[in-house]
Amino acid sequence: MSYEALPYGALSLVPPLLAIALAMYTRQVLVSLFAGVWAGALLIADWNPIAATALSMDWIVEVVRSPFDTKFLILIMFMGAGAAFIHKSGGIIALQNWIGHRVNTARDSQILTWLIGIFIFFDSYTSTIVTGNATRELSEENHTSREMHAYVLDSTTSPVTTFGPVSNWIGYQVSMIIVGFEAAEFTAEEVGLTAFGLFLQSIPWNIYCFLAFFMVGFISITQRFYGPMLDAEWRSRKEKKTKRDDATPLSDIETDVGEPSEKNPTLVNFFAPILTLLVVGLVSMWWLGGGHQPGVDIATAFQETDVALGLLYGSFAFMAVGMLGAVGFRTMDLDEAGDTIISGFKTMMIAAAIIVLAWSIGHAAEQVGTAEFIVDVMVDSGVPGSFLPLLIFVAAMFIAFTTGTSWGTMAILTPLAIPLGYELVGVSILPVLMGVLFGGAIWGDHVSPISDTTVMSSIFAGSDHIDHVSTQIPFAMTAAGVTVIALLLYAAGLTSALVLLPLSVVLTAGVVVALNKLDARRKNLPEIMPTAKAIENGTIDTDAIENGNRSGATQFNGTYDYIASIPLTAVGVVAVYLGLVFAFVMIGL
């Protein structure tokens, strides 16, 4: 059965927007996603519902048969099994025994999650998986809401891998810039700028990603929440419920795998699988990209690699080492190990179904021309050249939001943005356009319930998926709003990233504090979220809070020591990391 994709105009927005609206309203993600796929098929099949249903099945089979997608589905099953071994073998118990006395509050666990995410900069999937597994139990023990844990994962991984200094994201982004050069019909020699050099110069203009990454640390350290996240954190601290009563986590190892073994818990069973995943995954991607061949540098290897296959090798090694450690240290026998593999697979079944349907709705959007319609509307708006960065940023946001893919958005917009910017303004605007394009694409990932990276964050935080999306949206909108202000200033003539980026960071901090104060007062909740222990021992007067008594005698807000080891370590590591990133940028100047 085959149909020809026709121009559907504004109707092309129906499949993704229907899926997103239904998911947010009904919280039934699978049903909503399929409804979006079916709506797209209905357009293609000339409004024949039976043919649309058959076409929907064809699309689902088509995306599953894609080599990348097939590898990815298998690797997340291996990841589930590896995570099950870490949990079931007592690796998490050993970690808690080792570091638990240092991580005593929800704030500590949030900062630790942010900190670990910085170190895994070569792949966003790997970062989400490793960081989520390493910190989920500690977050749970210290009463961090699962929504907040998912937010920290989601808004740390993609920004960090976008900047590098070595990642598959960089390789992909550089390859898109090369495509843009070809579309503009000029060479690097003609403009005096290589594709990699243009990428390096674009980093300071990726304002959204810097702000998203900054907000995670700022909110975690200050404990100033707003929007639905404020309610989620108050519920978690006061009621000791890290998720809603009727929430449906995408993965819940405690339920699916069972209680961890207390037989000889050892840190080896925690660190060995994770380090194996990192080393095997990184080396595999380097090898598959030809890094072992003479004359192939690291950047080129990661640009040319097969990401899914490299991570598949890493995930199998992750599971295998987890099993060997569990059996070798006698925390379980072979029969229990076999059962643990199956249980680990089960933890990923709902997530796999959502990811398949998310891919399918992306395919449906491609078939009905969603992205092309958005691009045409934005380009035909007649915006002056100085407003082009804002135009590209908004276009990238909307395309990524409606299609659920940042990489797909980059593939769609880069061949348009580079020739358009070159013709309207010249080479000088290209770093700005690339920076805002990459940032807008990642914003769409952060707020779209049909994004695979957003699904992954929900999986490894053990969060209800729609709860994660709804609590993250206000934070992502804050960073995007400040980015829009920065781009308006750019259009008005302030064209230095060295001025706009620090100004945006300061403005973001001010906006976060202002929104926190307004929302906390409106909801009659603490501005600075107290610890669960402070609420439990009566330091915080919850009765006075619930009665609206904000008198000076009432202990309303939490108090924290900012000159403490965990926040100071985190700030120091981030400063070093950002220093390395900007040293990286200087290579291209």
Practice task
Order these peptides, 66-72, 206-212, by their mean beta-carbon neighbour count within 10 angstrom, highest first.
Solution key: 206-212, 66-72
Handout entry: segment 350-466: relative contact order in percent, alpha carbon pairs under 8 Å with at least 6 residues between
Key = 31 percent
Problem - Solvent exposure ordering (accessible area, 1.4 Å, most first) of Phe387, Phe393 - result: Phe387, Phe393
Handout entry: Rounded accessible area of Asp154 (nearest 10 Å², 1.4 Å probe)
Key = 0 Å²
Handout entry: Rel. contact order, % - alpha carbon contacts under 8 angstrom, at least six apart, the chain
Key = 25 percent
Handout entry: Shape of the chain, Cα gyration tensor, a/c cut at 1.5
Key = rounded
Handout entry: Zone residues, segment 24-50, relative to Met57, backbone N less than 17 Å from point 7 Å out along Cα-to-Cβ
Key = 34-35, 37-39, 41-42, 45, 48-50
Handout entry: Residue-span extension gain [Glu239 to Glu423] - 0.36 nm each, minus C-alpha spacing
Key = 60.4 nm
Exercise for the section: Pull up all non-local amide H partners of Ser261: gap of 5 or more, or a different chain, and H-to-H distance under 5 Å with H placed in the peptide plane. Expected result: Ser89, Gly90
Problem - Rounded, prolate or oblate (a/c below 1.5 giving rounded, otherwise prolate when a/b exceeds b/c) for segment 133-225 by Cα gyration tensor - result: prolate
Handout entry: Amide H within-cut-off set for Ile528, under 5 Å, with H built and near neighbours excluded
Key = Gly558
Fill in the blank from the handout: Per its Cα gyration tensor (rounded if a/c is under 1.5, else prolate when a/b beats b/c, else oblate), segment 31-132 is best filed as prolate
Problem - Given Lys243/Lys533; Lys241/Lys533; Lys243/Lys263; Lys88/Lys241; Lys240/Lys517; Lys240/Lys263, the pairs whose alpha carbons are separated by over 20 Å - result: Lys243/Lys263; Lys88/Lys241; Lys240/Lys517; Lys240/Lys263
Practice task
Give me the Debye-computed log₁₀ of I(q)/I(0) at q = 0.18, 0.19, 0.21 Å⁻¹ for segment 215-349, equal point scatterers on Cα only, no solvent, two decimals.
Solution key: -1.03, -1.05, -1.10
Handout entry: Solvent-accessible ranking of Arg65, Arg237, Arg146, Arg102, largest area first, probe 1.4 Å
Key = Arg65, Arg102, Arg146, Arg237
Exercise for the section: Could you tell me the largest-minus-smallest coordinate of the C-alpha atoms of segment 440-540 on each of the three principal axes, in descending order and whole angstroms? Expected result: 55, 34, 23
Exercise for the section: Can you quote the Å³ per residue value for the convex hull of the Cα atoms in segment 99-145, rounded to an integer? Expected result: 63 Å³
Problem - Arg102 paired with Thr26, simple spin-label distance in nm, labels 7 Å along Cα-to-beta-carbon - result: 4.7 nm
Problem - Length-normalised contact order of segment 1-156 in % [C-alpha pairs under 8 Å, at least 6 apart] - result: 15 percent
Exercise for the section: Quick one: accessible surface of His101, probe radius 1.4 Å, all protein chains present, in square angstrom to the nearest 10. Expected result: 120 Å²
Handout entry: In Å², nearest 10: area of Tyr422 left accessible to a 1.4 Å probe
Key = 80 Å²
Handout entry: List Asp445, Asp333, ordered by accessible area with a 1.4 Å probe, largest first
Key = Asp333, Asp445
Fill in the blank from the handout: Quick P(r) readout (segment 23-76; Cα-Cα; 10 Å bins; whole %) gives 24, 37, 33, 5
Handout entry: Span-rule helices in the chain, defined as complete DSSP H runs reaching 27 Å or more along the axis (Cα) with Kyte mean at least -0.5
Key = 67-88, 268-288, 307-328, 349-368, 465-491, 497-523, 565-587
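The values are calculated or read from the model by the stated rules, or taken from the named source; none is laboratory data. Computed from a prediction, not measured in an experiment: that's the story for all the values here. Neighbour counts are summed over all protein chains in view; Cβ atoms, including those assigned to glycine, are modelled from backbone coordinates with ideal geometry. Note: accessible area is taken over every heavy atom of the protein model, side chains too, but ligands, DNA and RNA are not part of it. Shrake-Rupley method; radii C 1.70, N 1.55, O 1.52, S 1.80 Å.
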